[in-house]
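This report concerns only the one structure given below.
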Amino acid sequence: MLFRPMNTAPRRRRSTGFTLIEVMVVLVIMGIMATSLSIGLDSLRGRDADQALKRLRLVLEATADRAIVRGRPIALELLSDGYRFSALDPDDNWRPLNDPPVFTEKALPAGLAWGGLRLEGGGGSTPPRLQFGSQAPEYELRVTTPGGEARLTGKANGEVLLQMPGRTAS
């Protein structure tokens, strides 16, 4: 005679897959990640304008230094949607300067526009051109931003001060 244990009910196999709770937890985590990503992207858009202005300040200083070192003038031409560089060749003709990463044509980010260029003791040119030579020019370049007007002020020593709307010059 064979003895069987008391609990002789057939064992049920657990079906494979995810429970409703597990699926809901994953969906909540994905929702939180999507929200934080969209918030992060919105804050980056606001920083685009600030970063572009800070980069432009550094580029203007580098342009002044490079013109002095090369001994040949370099011009920054203000385009309707950005800026580009030109260099005066030995035949006294302005030629596009394309020397990445600094001296390349750049587009202004959305929300930025040129507000005007004022040169010390100089007239305007078309297109507006800021020319650097053996000595850096003194100028004020205004840029319209979503938060107001930013000013880039160039000094004779090549230093460029950036005054953001509502902040002091840096």
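The values are calculated or read from the model by the stated rules, or taken from the named source; none is laboratory data. Source: prediction; values computed, not measured. Because the Cβ atoms are built from the backbone with ideal geometry, glycine has one as well, and the counts that use them run over all protein chains shown. Surface areas here come from the heavy atoms of the whole protein model, side chains and all, with no ligands, DNA or RNA. Shrake-Rupley method; radii C 1.70, N 1.55, O 1.52, S 1.80 Å.
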Original post:
Looking only at residues in region 47-73 that are over 12 Å from GLY158 (Cβ atoms) and more than 17 Å from the chain's Cα centre (by Cα), which one is most open to solvent (accessible area, probe 1.4 Å)?
Top reply: ARG70
Original post:
What is the one condition in (1) open to solvent by less than 80 Å² (accessible area, probe 1.4 Å); (2) at pLDDT 90 or above; (3) farther than 14 Å from VAL143 by Cα; (4) outside any helix (DSSP H, G or I) that PRO96 does not satisfy?
Top reply: (1)
**OP:** Could you give me the residue pairs with C-beta distances under 6 Å whose first residue belongs to region 68-92 and is touching a residue at least 24 places away in the same chain (Cβ under 8 Å) and over 15 Å from VAL143 (Cα atoms), whose second residue is assigned to a loop (DSSP other than H, G, I, E, B) and of a type outside the set (Val, Ile, Thr) wherever it lies, and which are 6+ apart or on separate chains?
**Re:** PRO73/GLY133
Subject >> Count of residues meeting criterion [in contact (Cβ under 8 Å) with a residue 24 or more places away in the chain, open to solvent by 60 Å² or more (accessible area, probe 1.4 Å) and not in a strand (DSSP E or B)] in region 148-167 >> reply: 1
